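Report on the structure given below.
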Amino acid sequence: RLGRMAESLSMRAYAVGGFVRDLLLGRTNLDLDIVIEGDGVAFMKAWEREGYRVSVHERFRTGMIVFPGPRKVDVATARREFYEFPVAQPTVASDSLKHDLYRRDFTVNAMAIALGERDWGTLVDYFGGRRDLRRGFLKVLHNLSFVEDPTRVFRAVRLEQRLKLKMEENTVRLLTSCVRGGLLSLLSGLRVKSEVEILFHEALPLPAIRRLREFGAWEVLFPGLAVDSRTDRVVRRLTVFFRRLHRDLPPLEASLWLVYLASLLFGSDEAVQRSVMDRLHLTPAERHVLSLALFSLGAAENDLGGRGERRPSEICRALTGVPLAVCLFWAAATERQRIRRRLLLFLTRWHKVRPMLTGRDILDLGYRRGPLVGKILDALLTARLDGSVETREEEIQWVLD
Ligand code: ATP
């Protein structure tokens, strides 16, 4: 439909970038990016007239169409040159598409698939992306790639590790001189933050963290940072938690990257930790999570430790108000087994326990509205956490007693 709509407007549509790469690899990728040869803004407005939600950046001629699902399609414009006639040669892609693809990062990301009625499915591959993908190579499109945009260092490492590609020799050389030349330190804090965030959302961030260490990238980004075996150990534990406990762990989507960031900073001096927080322009809320994770681990170990049995309600009380992301980091960072076990029980079970009775039920049992109701519910929660009540009937009996 995208291709047909483009043709009805005398334009052409192509799927591009990561979507094409992943399609050729047989990997699922739900982010569809398309390039319109013609006027992307007019293309999106046509969808808007059909009742679809679109958001358009007129200045960049880019935007997004939201299809039911919801499924978003990102749209960019490759300006057509005046001498190119619309849909004249449907199987031959024009220079404007080639320019668009040449501005991209790696050959494997610089392929397109035509979406027109007649050329539907035709692969456009000017730079040998398919061959590189087959041979398992990650390769920049030209020698100035990393100089033009040093965030590609992160992108290279992420893609190499995720897709199990091998960085081609010249690309390694160019990446190394970009890092050694200090270009990463020229990136704004917000760009670094965004790249670090994306990196830590990878399913397995450890290989990418290590690879960036091999290139000396962390040291350039955050001088004095000690990314060592402690980082590895904590990150490895997090990965194990996610693999084994993913069904029971609370969803931490937005703050997950902070848990990894805490792991990255764990082995460094406090002064370095604070300067990284400044460099990344963390929000006050993010700073709070990270500071608590890094600076209160010792205090938490004291609160949660103890040789004898600790009742679940005591652990829950000790962790009241602590963000779950911080608990998760502590569980990975502590070297004390017993404390790790308690934190994991809190995260997977206890933190979500609530009494079965509600405030309304307590009133129905004859109590008056007031602070006592809250106290009863608190005590009921303690009883439930510690196993003194299990069923609703037992809760009612417990309140009446
Ligand atoms: P991921 O699966 O991590 O999202 P992706 O390749 O789809 O990988 P996006 O960030 O969605 O990544 O980018 C889409 C496409 O845009 C890429 O495939 C690439 O062609 C291009 N691109 C993105 N960032 C850059 C960049 N910094 N320099 C050049 N091209 C880029």
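Read-outs: derived from the displayed coordinates by stated rules, not from any lab. This structure is a prediction, so every number in the text was calculated from the model and none was measured. Glycine gets a Cβ as well: all are built from the backbone with ideal geometry, and neighbour counts include every protein chain shown.
Here are a few things to note about the model shown:
- For the range 241-309: rounded, prolate or oblate by the Cα gyration tensor [a/c cutoff 1.5]: oblate
- The calculated FRET efficiency for the pair Thr239 and Asp95, based on their C-beta separation and a Förster distance of 56 Å, comes to about 0.80.
- Overall form of the range 141-208 per C-alpha gyration tensor (a/c, 1.5; a/b vs b/c): oblate
- Within straight-line cross-link reach of Lys352, lysines at Cα separation under 20 Å, skipping those fewer than 8 residues along the same chain: Lys375
- Packing here is the average count of other Cβ atoms within 10 Å per residue, and on that basis the peptides 308-315, 134-141, 15-22, highest first, run 15-22, 134-141, 308-315.
- Annotation for the range 101-120 versus the range 187-208: alpha-carbon center distance of 26 Å.
- Cα centre as origin, Lys/Arg/Asp/Glu Cβ charges: the chain dipole, Debye: 700 debye
- Förster radius 41 Å - calculated FRET efficiency between Arg71 and Phe295, Cβ distance, rounded to 0.05: 0.45
- Pairwise FRET efficiency - Arg392 versus Leu204, Cβ, R0 = 45 Å, nearest 0.05: 0.55
- Ranking Leu115, Leu206, Leu183 by how far each Cα lies toward the positive end of the dipole of the chain (charges on Cβ) leaves Leu206 at the top.
- Length gained on full extension, Glu169 to Lys375, computed as 0.36 nm times the residue gap minus the Cα-Cα distance: 67.4 nm.
- Inter-label distance for Val272 and Arg230, nm, one decimal - labels placed 7 Å from Cα along Cα-to-Cβ: 0.9 nm
- Rounded to the nearest 10 degrees, the inclination of helix 152-162 to the longest alpha-carbon principal axis of the chain is 70 degrees.
- At full extension, Arg103 and Asn302 could sit 66.2 nm farther apart than now, given 0.36 nm per residue minus the alpha carbon distance.
- Whole-angstrom gap from the range 1-54 to the range 211-249, using each part's C-alpha centre: 37 Å
- Rounded if a/c under 1.5, otherwise prolate or oblate - the range 295-339, Cα gyration tensor axes: oblate
- Gained length - Ser8 relative to Leu249, 0.36 nm times residue gap less alpha-carbon distance: 81.8 nm
- Proximal charge balance of Asp364 [Cβ under 13 Å; K/R count +1, D/E count -1]: +2
- Note on Lys72: lysines with a C-alpha under 30 Å away, same-chain residues under 8 apart excluded, are Lys45, Lys98, Lys139, Lys164, Lys193.
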